[in-house]
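The values are calculated or read from the model by the stated rules, or taken from the named source; none is laboratory data. Being a predicted model, the structure only gives us computed values, none of them experimental. Note that we place each Cβ from the backbone using ideal geometry, even for glycine, and neighbour counts take in every protein chain shown. Just so you know, the surface numbers come from the protein's heavy atoms only, side chains and all, with ligands and any DNA or RNA stripped out. Shrake-Rupley method; radii C 1.70, N 1.55, O 1.52, S 1.80 Å.
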Amino acid sequence: MTSERDAETPATGGTPKRPQRVSLTDAKTRERLFDLIRKGHSISNAAAVMGVRRETLYDLRKRDAAFAATLKATADAAKEARKIVRDAKRSAEQASSPMWNYKRIAEESGLSVNTLRFYNNAGHMPAPDDTSGISPLWLPETITNWMANRPGKGFRSDLKDHDAG
């Protein structure tokens, strides 16, 4: 049985191998770093994968304006690509899910998500039809009926008995 340390030890000598130093002055190495970032790695994680200290990367960014600009553009493009994928997944999930969450109800009703949370916690919304984790979910019919029959703006529920007297 070999330990992890033995696996790092060369067959001759008995001392652990030192990681090979990576220089970011080489265009090919920089392109590999940018590819890792494009694939979804953070800047720090991409540096670690390549065997470069994060501080070394950030020092180079301070010294080399062209590198800094390329690094920022690459990171921004990767972030935008991840956002597009995430939004597409959310849209697909919404389209396939018959249940509405706070965000979907807010889109349909014109109310804010915080207002809807307040209404639900105060008992002014119908009971949820289901939950996803701790998030309440409603059938579209439940919400459309509630929106059609809920009191309008300015309704004072604390004055219900005031009209009778």
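Could you look through region 109-137, keep only residues that are in contact with a helix residue (DSSP H, G or I) (Cβ under 7 Å, 6 or more places away or on another chain) and surrounded by 12 or more Cβ atoms within 10 Å (Cβ to Cβ), and pick out the one that is nearest to residue 151 (Cα to Cα)?
For region 109-137, the residue satisfying everything is 125.
Any residue in region 47-70 that's on the phi < 0 side of the Ramachandran plot: show its pairings with residues that are among the hydroxyl-bearing types (Ser, Thr, Tyr) at Cβ separation under 6 Å, as long as the two are six or more apart or on different chains.
Pairs that qualify, where the first residue is on the phi < 0 side of the Ramachandran plot and the partner is among the hydroxyl-bearing types (Ser, Thr, Tyr), are 54/44.
Output the residues belonging to region 20-38 that are without any contact (Cβ under 8 Å) to a residue 24 or more places away in the chain, open to solvent by 70 Å² or more (accessible area, probe 1.4 Å) and not hydroxyl-bearing (Ser, Thr, Tyr).
Correct list: 26, 27, 28, 31, 32.
For region 117-154, name all the residues that are of a type outside the set (Ser, Thr, Tyr) and touching a residue at least 24 places away in the same chain (Cβ under 8 Å).
Answer for region 117-154, where residues must be of a type outside the set (Ser, Thr, Tyr) and touching a residue at least 24 places away in the same chain (Cβ under 8 Å): 124, 129, 130, 136, 137, 138, 139, 140, 143, 147, 150.
Of all residues in region 43-71 being in a loop (DSSP other than H, G, I, E, B) and either modelled with pLDDT under 90 or touching a Leu at 6+ places or on another chain (Cβ under 6 Å) (or both), which is surrounded by the most Cβ atoms within 10 Å (Cβ to Cβ)?
The selected residue is 52.
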